[in-house]
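The values are calculated or read from the model by the stated rules, or taken from the named source; none is laboratory data. Everything quoted here is computed from the prediction, not taken from an experiment. Virtual Cβ from ideal backbone geometry, glycine too; neighbours counted across all protein chains shown.
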Amino acid sequence: MVRTSVLDGDRFRELVIMSQRYLSERKKEVDSLNVFPVPDGDTGTNMYLTLSSAADSLKGKQGLPLGAAAETASMGALMGARGNSGVILSQIFRGIAKSFAGKQAADPKDLANAFEEAVSTAYKAVMKPVEGTILTVLRGMRDAAQLASAVPGATIPEVLRECLAKGQEVLDKTPEMLPALKEAGVVDAGGKGLVYIIEGFLRGYGPDAAIHPDESSLYAEHQLAHVHEEEIAAIDNPYDTQLLILGSRLPIDEIRADLEPLGDSLLVVGSEEVVRVHIHTEVPHEVLGLCFKYGQISQVTIDNMIEQSKQAQLGRKDLEPAGSQEEVPKPSGQKPVKEVGIVSVATGDGLQEIMRSLGCDLVMDGGITMNPSTSDLVEAVKSVGAKKVIFLPNNGNIFLAAKQAKKLTGRNMYIVPSKTVPQGISALLALNPNESMRENLKKAGKAVRSVKTGEVTFAARNGKFGKHVMQEGDIIGLVDGKVEAVGQDSEEVLGEIVRKMVGKNHSVVTVYYGEDIDSSTAEGLQEMLENRVGGKCEVEVYRGGQPLYYYLVSVE
């Protein structure tokens with residue numbers, strides 16, 4: 001007989017594994033339902049891979065107390081987190097683990113408290129939360145759990161069933177919260193993925209335990225590129241200050257809030273007894289004074305990063321020629337072989353070769369249909385034989401995983417906020433190994449902001465965006481993420497978006513053609529585009545070899 005009044009470690013493990021299997025059958029549905037009908041929706045895949053990492057961490061670990069099982073799943077989810085949706089999911093697991101810490105088992109009220117902590121932790125992970133996303137659905141589930149757990153005699157499945165029903169109700173309302181969802185006639189895919197995960201948990205209690213959401217609804221992921229703060233680490237605050245605070249009942253959130261105005265690259269983590277502080281600041285003495293108010297301070301280190309950069313410049317050699325991934329030095333205990341390394345992300349052998357020729361030590365395969373996980377990013381950064389690593393995500397859906405990887409690898413990973421491959425290539429062109437990190441990051445950021453990105457692909461489903469109506473299979477052209485042209489011929493759509501992209505201050509148009517474009521077609525592009533822009537710009541054409549996208553365009 002299945003016990004339903006308490007949740008222990010073994011039952012938690014079974015539910016996570018069952019949920020992973022359930023989501024595996026539905027991830028393609030979530031993938032296919034995107035705000036824009038482009039063929040690279042990957043919310044379902046990202047959430048599935050994150051959940052799989054949590055499930056894999058629990059396999060073969062019977063007999064764990066609930067708190068230990070939840071902590072194991074949380075770390076597994078963090079290391080396997082992919083994309084924004086996956087990182088948010090990992091923070092949901094983080095909150096659950098915090099709430100279950102030290103418990104052998106949980107009753108319905110404990111489960112409701114775990115949802116409460118999950119909401120708090122997930123919202124903290126997002127710098128600028130937007131309603132109408134997975135966070136809103138999670139909050140609705142939290143509210144349902146609180147009400148259901150207060151009913152005398154409530155069971156764990158009953159609480160989860162109420163969470164599922166409320167989650168579906170909130171999900172159906174997300175188009176009223178976000179105009180992009182309403183225009184597309186869809187709801188949030190991250191929220192839908194979470195609904196499936198909870199339904200998978202319920203199925204761990206038997207096939208009849210779960211209710212079934214309305215399968216006639218469409219589900220789509222809200223673009224999260226504007227939800228999360230984009231980070232460039234620089235040396236505007238030159239003193240890298242680190243210390244421990246020792247005390248009792250240390251208020252981590254309060255300490256973080258007090259320190260935030262004093263600098264950047266702030267990390268405040270730990271427990272009520274020990275808090276680790278890391279901050280780049282102009283006023284280290286104020287940081288020390290503030291921290292001293294909360295308890296004893298220990299292990300204080302203050303490094304002048306500008307002075308470090310000057311010293312490094314005196315004895316530094318030029319960046320070594322770029323090589324393949326196999327040629328990158330591995331972290332086998334040797335000292336770094338150079339000062340600065342570069343890691344980038346791209347799909348397509350032509351694009352990867354271009355990035356290597358521009359100085360990338362390692363080009364990770366991914367970004368269009370498969371986002372690297374936090375663990376992948378950590379390993380990539382560690383594999384580069386350099387003291388400092390500049391990272392170019394080239395995809396807005398990789399930012400959260402990159403920020404998690406930065407925390408895990410330490411202060412020597414610097415993230416350039418490139419959302420697209422053209423932005424990443426422009427940033428690479430701006431980097432100069434003979435200049436300081438501060439200057440390089442400033443120039444890379446300026447280069448990213450100066451690029452217009454165009455994309456030509458096909459509609460993965462019927463849709464209407466603004467004045468543009470399209471049928472599945474139509475060729476669509478996007479400019480900086482917005483549909484600007486619809487047609488039947490990829491070259492004609494390319495010409496149309498380039499004409500719209502070029503302004504009076506632009507001088508160069510660069511086109512990267514994909515794996516579905518033959519060389520004879522590519523040969524005629526330069527003349528065609530020069531005619532379209534009336535000789536205003538120089539036109540360059542390169543083989544990118546990327547899948548799904550016929551053309552990627554950069555206008556500068």
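Yes/no per residue for (1) under 28 Å from MET177 (Cα atoms); (2) among the charged types (D, E, K, R):
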residue	(1), (2)
THR72	no, no
GLY80	no, no
ILE96	yes, no
ASP107	no, yes
ALA112	yes, no
VAL119	yes, no
ALA144	yes, no
ALA150	no, no
VAL159	yes, no
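Look at (1) touching a residue at least 60 places away in the same chain (Cβ under 8 Å); (2) of a type outside the set (Asp, Glu); (3) buried (at least 22 other Cβ atoms within 10 Å of the Cβ) and you find that ALA125 fails only one, number (3). Mind listing whichever residues of the range 150-183 are more than 30 Å from GLY466 (Cβ to Cβ) and hydroxyl-bearing (Ser, Thr, Tyr)? Passing the criteria: only THR155. Within the set GLY477, GLY466, GLY473, the sole residue that is small (Gly, Ala, Ser), outside the structural domain of GLY367 (by TED's automatic domain parsing) and in contact with a Gly (Cβ under 9 Å, 6 or more places away or on another chain) turns out to be GLY477.
Residues in the range 344-379 that are farther than 18 Å from ASN432 by Cβ, small (Gly, Ala, Ser) and crowded, with 24+ Cβ neighbours inside 10 Å: ALA346, GLY348, GLY367, SER373. In summary, VAL493 fulfils each of the numbered conditions (1) in contact with a helix residue (DSSP H, G or I) (Cβ under 8 Å, 6 or more places away or on another chain); (2) crowded, with 22+ Cβ neighbours inside 10 Å; (3) in a helix (DSSP H, G or I); (4) not assigned by TED's automatic domain parsing to the domain that holds GLY341 with the single exception of condition (1). Looking across the range 452-490 at every residue that is in a loop (DSSP other than H, G, I, E, B) and acidic (Asp, Glu), the one that is farthest from GLY503 (Cα to Cα) is identified as GLU472.
When the criteria are applied in full, GLU230 fails the requirement of being at pLDDT 75 or above, under 27 Å from SER120 (Cα atoms) and either not basic (Lys, Arg) or not in a loop (DSSP other than H, G, I, E, B) (or both). In the range 64-161, counting only helices (runs of 4 or more DSSP H) that sit wholly within it, the ones holding 1 or more residues that are of a type in the set (Phe, Trp, Tyr) and closer than 22 Å to PRO372 by Cα span 83-100. Scanning the range 403-425 for residues that are among the small types (Gly, Ala, Ser) and surrounded by 24 or more Cβ atoms within 10 Å (Cβ to Cβ) returns ALA405, SER418, GLY424. Taken over the range 176-197, the criterion of being touching a residue at least 60 places away in the same chain (Cβ under 8 Å), surrounded by fewer than 21 Cβ atoms within 10 Å (Cβ to Cβ) and not charged (D, E, K, R) is satisfied by ALA180, GLY185. Residues in the range 520-556 that are touching a residue at least 24 places away in the same chain (Cβ under 8 Å), of a type in the set (S, T, N, Q) and assigned to a helix (DSSP H, G or I): THR521 alone.
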